[in-house]
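What follows is a set of notes on a single structure, which appears directly below.
The values are calculated or read from the model by the stated rules, or taken from the named source; none is laboratory data. In this text the structure is predicted, and so the values were computed from the model without any measurement. Every residue, glycine among them, receives a Cβ derived from its backbone with ideal geometry; neighbour counts consider all protein chains shown. Heavy atoms of the whole protein, side chains included, go into the accessibility calculation; ligands, DNA and RNA do not. Shrake-Rupley method; radii C 1.70, N 1.55, O 1.52, S 1.80 Å.
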Amino acid sequence: MINKDISIDFLGVHFENPFCLSSSPVGNCYEMCAKAFDEGWGGIVFKTIGPEDFEVDEVSPRFDELTKEATPFVAFKNMEQIAEHPLKQNLADLKKLKENYPDKVVIASIMGPTEKDWEELARLVTEAGAEMIEMNLSCPQMTSHAMGSDVGSNPPLVKKYCEAVKRGSDLPMMAKMTPNITDMVPAAKAALAGGADGIATINTVKSIANVDLERKTALPIVNGKSSVSGLSGKAVKPIALRFIQQLRVASGLEQLPISGIGGIETWEDAVEFILMGSTTLQVTTAVMQYGYRIVEDMKNGLMHYMEEQGVKHLSDLVGLANKNIVPAEDLDRNYKMYPEIDWDKCIGCGRCFISCYDGAHQAISWDEKTRRPSIDTSKCVGCHLCALVCPVHAIHPGKIVMKEGREGDPSKIDVVSQRLY
Amino acid sequence: MLSYNHQICEIRHNCFSLLTLNEMGPITMTKKYETEAPGYTMTTVMEEAARCLLCHDAPCSAACPAHTDPAKFIRSVRFRNVKGAAETIRENNALGAICARVCPTEKYCELACSRSGIDVPIDIGGIQRYVTDFEQADDMHILHKGDSNGMHIAIIGSGPAGLQAATTLLEKGYSVDIYEKNAKAGGYLTYGIPEYRLPSNIVDYEIKRITDMGANIHFNTIIGKDMTMDQLKAENDAVIVAIGASEAKMLPMFENNDAVETAVSFLARTKQAKGNIDLPDNALVIGGGDVAMDVVTTLKKLGVEHVTDAVYEQFDEFRASKKELAGAEREGVTIIDGYVPESVNGHTVTLKHRHINSEMTIEADTIILAIGQETNAKNLGIKLEHGEAPSAGYKTHDPKVFITGDIAQGDKTVVYAVQKGKEVAGEIDSILGGNRDDQ
């Protein structure tokens, strides 16, 4: 079995691998985090610790899932709040984790309603032996509006609380940002101005995943009612990647250290977050669905990817895609590329014909006798919807032509994707 | 170098080429014999892997005699880590691509599969085939010879047990010489299992991986004739006898009859000739195991119109795997269950039912006997009873000589041969000591 160094340094702390549990139900006590370490995770962000007097009172049930066709957990909705164990026990767990797993990274997530609470919590987790602090400024389902994503979307408050944490601790600190905001840059800059060393993002996306048609309320139903709460899992990955990209290219935030979060479940997802500028990665939803064991394939797959790419240090991959994502107005609009059908693969289902007619430009015609499509290049705009809907991946990039009156060499145009179907 | 993702696309492409074979014009009969059923694509293998329940204490893995660990490699596929899946298979099973195709999974991993509680078990063999095809297409080199420990092992026989024993020993740092009586390695894999079920190139790939690791195969060498057992013992730290059961059994009533051929002989010459053999108009096959199914299915695929199989067992006690039986039925073989041959006169065989009062006479151009195989252990100095060691395990009365494969007690399938190959290697290593720092 392949064995490569996939360690990486983040905010001055060494991680044996970039994979961490995110602050959530999956890291709720010593036993859970210990099992995660035993199964190979590089770090854990312990479930958010709040002040002693904040009472966590949860609903039942508290989760929901979005499905599509037969696929479960396309997205996951969660109403659970922060750690429900007493502060003293949480601190004791942190201490024991660090003692028993000295080579792993123990990160404390904290959250408080006042500056005093933030400062005090920072001091306490530092004393307990945490090596890094994550400020939870982003939980969308808190019962107190003095905590959670309402705070994270208010940059002056973010700055103030970061300063408070820095007064309480000199540990490296990341501020965890909410995606329930149009532009994350002001909040991230406020966090950095308040002393944050890096950013963790995204937290969950405010959502209603399903509505019960009989009871006329959202799911899960809590004695006849429901609430808006955070969505996570694969469906939020695109949202997470866009926020991370926009942070990394914002003026003044270049090289921003990021711990990437949002729908990671395979090594490919992990690499995507790294290429987009994440140094460490945090996972919850896939662990809730499949267990800590998923880290085995994430680590092994990442090693194979590095081997194949000839990359020696994981850090060499961080942010490699940032420069290739440009404003829409800067894209090359001088050419179009026609799709090409591979007749050895085409099974004659007609899905491309339907989608082209009903969803694109009526450029595919259908021969009812042979049950095969054909493409009319005079109508085709090169959108490649047909390639996306083809169930056997029989449609590929074909001939490239310059638009009328435009200059350019079609042979030099780079459109090849090796994305796995 | 082709990229990882590109490789998967290549495999997908190849599979679709097979799918469209029907559209490539008239199919010659040998093509039907030579062509393997299409395998999964990246899309369809993900669909199948997504059906897997990813059990906590996966019963499939517990049920694999070779410990190929299907639960782990299917999980790797589910998490899009095909290379990791290939590592799991290969490190546990030196014949992973072969087992993927010929293992009677319905009796092992798929029998245990929890998914059966919902509908039908996961197609574990199919997923394994996809992964090992990927491994081949990507030219992965997963197994390596261990640091040499200066010790030498001789293996008699290059069938599945001998090949697996060689692999495990090479990994542990032994040097390995294999003595094979035939011109090619692989035993029944090379000379028995038909091309449509196990393409020769797959067997060649698997053997090449092992010779690339350093196994040295001496062909056309019969121990007890071309070389003596004493010579092998003198030159090596241990000798493993893995000769299998390669000789066909014969019923006295069929002896010296020109119309009669054994399944062993028929399958071997058909495979060597890639299906280009003279065909009878009709054939009667006697026997109801997987070998008999191979014979009847081969005959039909090659174009023999009337193929009748007379089977001792009734359908409810059939020995052949359901998969192979279904394949024979799909080809249109006539199966007469519960009948035993009573007498033979030239091309005419009289069969009698075992339980009911029924007799029939069948005249056939060719009569093929698939009634089992036996072992020829002449001049090897080992004791066998009914082709098997008298006691369990791999030791013999001679501390330097071990047995494995079909002549060791236990099931006679390829996957069991792999298990026995690993176990005999482990036992020898524990006795000889191997590399001390490995312990």
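Which count do you get for residues in the stretch A:49-82 that are more than 19 Å from A:THR285 (Cα to Cα) and either open to solvent by 60 Å² or more (accessible area, probe 1.4 Å) or under 18 Å from the mean Cα position of the chain (by Cα) (or both)?
Number satisfying all stated conditions: 5.
Take the residues of the stretch B:382-432 that are farther than 15 Å from B:TYR174 by Cβ, surrounded by fewer than 23 Cβ atoms within 10 Å (Cβ to Cβ) and basic (Lys, Arg): which is nearest to the chain's Cα centre (by Cα)?
Once the filter is applied, the top-ranked residue is B:LYS412.
Can you tell which of B:SER246, B:SER265 is closer than 17 Å to B:ILE193 by Cβ and free of Cβ contacts under 8 Å to residues at least 24 places away in the same chain?
On the way: B:SER246 fails: free of Cβ contacts under 8 Å to residues at least 24 places away in the same chain.
So the residue among B:SER246, B:SER265 that is closer than 17 Å to B:ILE193 by Cβ and free of Cβ contacts under 8 Å to residues at least 24 places away in the same chain is B:SER265.
Give the number of residues within the stretch B:112-141 that are among the aliphatic types (A, V, I, L, M) and either more than 19 Å from the chain's Cα centre (by Cα) or not in a helix (DSSP H, G or I) (or both). Please lay out each step first, then the result.
Filtering the stretch B:112-141 down to residues among the aliphatic types (A, V, I, L, M) leaves B:112, B:118, B:120, B:122, B:124, B:127, B:131, B:137, B:140.
Subset that is either more than 19 Å from the chain's Cα centre (by Cα) or not in a helix (DSSP H, G or I) (or both): B:112, B:118, B:120, B:122, B:137, B:140.
Residues in the stretch B:112-141 being among the aliphatic types (A, V, I, L, M) and either more than 19 Å from the chain's Cα centre (by Cα) or not in a helix (DSSP H, G or I) (or both): 6 in total.
Filtering the stretch A:343-352 down to residues that are away from every other protein chain (no Cβ under 12 Å) and open to solvent by less than 60 Å² (accessible area, probe 1.4 Å), which residue is farthest from the chain's Cα centre (by Cα)? So that I can check it myself, show each step before the final result.
Here is the first cut: in the stretch A:343-352, the ones away from every other protein chain (no Cβ under 12 Å) are A:349-352.
Add one more test, that the residue is open to solvent by less than 60 Å² (accessible area, probe 1.4 Å), and what stays is A:350, A:352.
Working: A:GLY350: 35, A:CYS352: 31 Å.
Among those that are away from every other protein chain (no Cβ under 12 Å) and open to solvent by less than 60 Å² (accessible area, probe 1.4 Å), it is A:GLY350.
Test A:THR182 against the stated conditions and say whether it is closer than 15 Å to A:GLY230 by Cβ, surrounded by fewer than 23 Cβ atoms within 10 Å (Cβ to Cβ) and assigned by TED's automatic domain parsing to the domain that holds A:GLN81.
Values: closer than 15 Å to A:GLY230 by Cβ: no; surrounded by fewer than 23 Cβ atoms within 10 Å (Cβ to Cβ): yes; assigned by TED's automatic domain parsing to the domain that holds A:GLN81: yes.
When the stated conditions are applied, A:THR182 does not pass them.
Looking only at the stretch A:368-421, count how many residues are open to solvent by 80 Å² or more (accessible area, probe 1.4 Å), among the hydrophobic types (A, V, I, L, M, F, W, C) and either assigned to a helix (DSSP H, G or I) or in contact (Cβ under 8 Å) with a residue 24 or more places away in the chain (or both).
Residues that pass the stated criteria total 1.
How many of the residues in the stretch A:85-117 are over 25 Å from the mean Cα position of the chain (by Cα) and either part of a loop (DSSP other than H, G, I, E, B) or closer than 27 Å to A:SER207 by Cβ (or both)?
7
Quick grid of which residues meet (1) within 17 Å of the chain's Cα centre (by Cα); (2) surrounded by 15 or more Cβ atoms within 10 Å (Cβ to Cβ):
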residue	(1), (2)
A:ASP269	yes, yes
A:MET276	yes, yes
A:THR279	yes, yes
A:SER315	no, yes
A:LYS323	no, no
A:CYS356	no, yes
A:HIS361	no, no
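Here are B:ILE142, B:ILE127, B:ILE98, B:ILE156: which of them is at pLDDT 95 or above and in the same structural domain as B:TYR416 (by TED's automatic domain parsing)? Please lay out each step first, then the result.
Values: B:ILE142 fails: in the same structural domain as B:TYR416 (by TED's automatic domain parsing); B:ILE127 fails: in the same structural domain as B:TYR416 (by TED's automatic domain parsing); B:ILE98 fails: in the same structural domain as B:TYR416 (by TED's automatic domain parsing).
Of B:ILE142, B:ILE127, B:ILE98, B:ILE156, the one residue that is at pLDDT 95 or above and in the same structural domain as B:TYR416 (by TED's automatic domain parsing) is B:ILE156.
Has the stretch A:396-414 got at least one residue that is closer than 24 Å to A:ARG351 by Cβ and basic (Lys, Arg)?
yes
Determine which single condition B:LEU198 fails, assuming it passes every other condition in (1) open to solvent by less than 20 Å² (accessible area, probe 1.4 Å); (2) of a type outside the set (Lys, Arg); (3) more than 14 Å from the chain's Cα centre (by Cα).
All conditions pass for B:LEU198, except number (3).
Among what's in the stretch A:293-336 and is in contact with a strand residue (DSSP E or B) (Cβ under 9 Å, 6 or more places away or on another chain) and among the polar types (S, T, N, Q), pick the residue that is farthest from A:CYS380 (Cα to Cα). Before the answer, list the steps.
Here is the first cut: in the stretch A:293-336, the residues in contact with a strand residue (DSSP E or B) (Cβ under 9 Å, 6 or more places away or on another chain) are A:294-295, A:298-299, A:302, A:313-315, A:318-319, A:334-336.
Add one more test, that the residue is among the polar types (S, T, N, Q), and what stays is A:315, A:334.
Numbers: A:SER315: 42, A:ASN334: 15 Å.
Looking at residues that are in contact with a strand residue (DSSP E or B) (Cβ under 9 Å, 6 or more places away or on another chain) and among the polar types (S, T, N, Q), I get A:SER315.
Does B:LYS352 satisfy the condition of being among the basic types (Lys, Arg), in contact with a Phe, Trp or Tyr (Cβ under 8 Å, 6 or more places away or on another chain), open to solvent by less than 50 Å² (accessible area, probe 1.4 Å) and not assigned by TED's automatic domain parsing to the domain that holds B:ASP123?
Taking the combined requirement at face value, the residue does not satisfy it.
Evaluate the stretch A:168-188: report whether one residue or more is free of Cβ contacts under 8 Å to residues at least 24 places away in the same chain, hydroxyl-bearing (Ser, Thr, Tyr) and more than 30 Å from A:GLU16 (Cα to Cα).
Filtering the stretch A:168-188 down to residues free of Cβ contacts under 8 Å to residues at least 24 places away in the same chain leaves A:182.
Within this subset, residues satisfying the condition of being hydroxyl-bearing (Ser, Thr, Tyr) are A:182.
Of the ones still in play, those that are also more than 30 Å from A:GLU16 (Cα to Cα) are A:182.
Yes, some residue in the stretch A:168-188 is free of Cβ contacts under 8 Å to residues at least 24 places away in the same chain, hydroxyl-bearing (Ser, Thr, Tyr) and more than 30 Å from A:GLU16 (Cα to Cα).
Output the number of the condition that B:THR168 fails; it satisfies all remaining conditions of (1) of a type in the set (Val, Ile, Thr); (2) more than 23 Å from B:ASP204 (Cα to Cα); (3) in the same structural domain as B:VAL241 (by TED's automatic domain parsing).
Condition not satisfied by B:THR168: (2).
Identify, please: which residue in the stretch B:56-70 is at negative phi and surrounded by fewer than 24 Cβ atoms within 10 Å (Cβ to Cβ) and is, among those, farthest from the other protein chains (Cβ to nearest Cβ)? Steps first, answer last, please.
Looking only at the stretch B:56-70, we keep the residues that are at negative phi, and these are B:56-66, B:68, B:70.
Checking which are surrounded by fewer than 24 Cβ atoms within 10 Å (Cβ to Cβ) leaves us with B:56-59, B:61-63, B:65.
On the way: B:HIS56: 8, B:ASP57: 12, B:ALA58: 11, B:PRO59: 17, B:SER61: 13, B:ALA62: 17, B:ALA63: 20, B:PRO65: 22 Å.
The qualifying residue farthest from the other protein chains (Cβ to nearest Cβ) is B:PRO65.
Of the conditions (1) touching a helix residue (DSSP H, G or I) at 6+ places or on another chain (Cβ under 6 Å); (2) not in a helix (DSSP H, G or I), B:GLU106 fails just one. Which one is it?
Answer for B:GLU106: the failing condition is (2).
Using beta carbons and a limit of 7 Å, which pairs, at least six apart or on different chains, have the first residue in the stretch A:65-77 and in the same structural domain as A:ALA218 (by TED's automatic domain parsing) and the second one modelled with pLDDT under 95 and surrounded by 12 or more Cβ atoms within 10 Å (Cβ to Cβ)?
A:GLU65/A:PRO72; A:VAL74/A:THR67
If only one of A:GLY12, A:GLY40 is at positive phi and touching a helix residue (DSSP H, G or I) at 6+ places or on another chain (Cβ under 8 Å), which one is it?
Details: A:GLY12 fails: touching a helix residue (DSSP H, G or I) at 6+ places or on another chain (Cβ under 8 Å).
Only one candidate passes the filter, namely A:GLY40.
Report yes if some residue within the stretch A:294-306 is in contact with a helix residue (DSSP H, G or I) (Cβ under 8 Å, 6 or more places away or on another chain), without any contact (Cβ under 8 Å) to a residue 40 or more places away in the chain and open to solvent by 30 Å² or more (accessible area, probe 1.4 Å); otherwise report no.
yes
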